[in-house]
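To start, the structure under review is shown below, and the notes come after it.
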Amino acid sequence: TALTFSDIISPPPSDGEPVVFWDGTTVLGTAQLRGGTAAFTSSTLGTGTHSLTAVYGGDANNLASTSNPVSVNIQASPTLSPMTIQPSANVYSGTNVTLVCSNFSGTPPYQFRWQASGNGGSFHTIAGALTNSLFLSNVTTNSSGYYQLILTANGESVYSSLADLTVAPLPTLGINTTGNTAVISWSQGRLLEATNLMGPWVTDNAASPYTVPPLNPQTFYRVLAQ
């Protein structure tokens, strides 16, 4: 944060004379008097407590003068780590999803607030989501959208990176019989087959729709989402 320090000298010396601003024993900078006031702005103060003074060196008509010290406490700005999503890929309807920013810093106490934006709409706050992780149970395609976490510490807020969550519908599998053959169709994923419901299941490498001639022994089919 940029802080401006002003020093007023009375009676005012001549314009243009210097006033030196100090942080303890370290010079922060110098400003020139204008109408008896010198102002200096700095954004270089590190975290912690600083004792600041202004020193006027005097001239032929005015004695030197040092201001009373002013104490300023600089707080660290809050930070958030990049967000992660578990599972990281292939999220389908019915899946449980966790979004988390695992690392954060700042001056306690911490306040967390999750927001979501679905279908290109504006962000809205998710009620009851008050920690650095968000658990979404049994998601649906309506859960797709952008998510962000807001951390507030010591009155300052920072926003996480956006998480883009895409929830795909579960694949469907259909079988229609035509005479002695069966036509198998599926919406997505890979077709698996087995001669026993307990497996082993083998990838069929077929494309939908897939025509199956009469088979002996019987064959079972399932679709693996991917």
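Just a few scattered comments:
- Residue satisfying all of: in segment 121-135; part of a loop (DSSP other than H, G, I, E, B) and not hydroxyl-bearing (Ser, Thr, Tyr); modelled with the lowest pLDDT among these: Gly121
- Pairing each residue of segment 131-143 that is at positive phi with any residue that is open to solvent by 50 Å² or more (accessible area, probe 1.4 Å), provided the two are 6+ apart or on different chains, yields C-beta distances under 8 Å for Asn138/Asn96.
Conditions (1) modelled with pLDDT of 95 or more; (2) hydrophobic (A, V, I, L, M, F, W, C); (3) exposed (fewer than 11 other Cβ atoms within 10 Å of the Cβ); (4) within 19 Å of the chain's Cα centre (by Cα), marked per residue:
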{"site": "Ser77", "(1), (2), (3), (4)": "no, no, no, yes"}
{"site": "Met83", "(1), (2), (3), (4)": "no, yes, no, yes"}
{"site": "Pro87", "(1), (2), (3), (4)": "no, no, no, yes"}
{"site": "Tyr92", "(1), (2), (3), (4)": "no, no, no, no"}
{"site": "Thr95", "(1), (2), (3), (4)": "no, no, no, no"}
{"site": "Ser105", "(1), (2), (3), (4)": "no, no, no, yes"}
{"site": "Pro108", "(1), (2), (3), (4)": "no, no, yes, yes"}
{"site": "Ser137", "(1), (2), (3), (4)": "yes, no, yes, no"}
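- All positions within segment 216-226 that are open to solvent by less than 90 Å² (accessible area, probe 1.4 Å) and farther than 26 Å from Val91 by Cβ: Pro217, Thr219, Phe220
- Verdict on Thr4 being out of contact with any Phe, Trp or Tyr (no Cβ under 8 Å at 6 or more places or on another chain) and surrounded by fewer than 17 Cβ atoms within 10 Å (Cβ to Cβ): no
- Among the residues of segment 37-67, the ones that are under 16 Å from Gly24 (Cα atoms), polar (S, T, N, Q) and open to solvent by less than 50 Å² (accessible area, probe 1.4 Å) come to 3 in all.
- Segment 9-24: number of residues that are open to solvent by 60 Å² or more (accessible area, probe 1.4 Å) and more than 14 Å from Val70 (Cα to Cα): 6
- When segment 181-207 is limited to residues that are among the charged types (D, E, K, R) and either in contact with a Ser or Thr (Cβ under 9 Å, 6 or more places away or on another chain) or more than 20 Å from Pro217 (Cβ to Cβ) (or both), the one that is most open to solvent (accessible area, probe 1.4 Å) turns out to be Arg190.
- Matching strands (runs of 3 or more DSSP E) fully within segment 11-110 where at least 2 residues are under 22 Å from Ile150 (Cα atoms) and of a type in the set (A, V, I, L, M, F, W, C): 97-100
The values are calculated or read from the model by the stated rules, or taken from the named source; none is laboratory data. Treat the numbers as computed from the prediction; the structure is a model and nothing was measured. So basically every Cβ, Gly included, is an ideal-geometry build from the backbone, and we count neighbours across all protein chains shown. All accessible areas refer to the heavy atoms of the entire protein, side chains included, with ligands and DNA or RNA removed. Shrake-Rupley method; radii C 1.70, N 1.55, O 1.52, S 1.80 Å.
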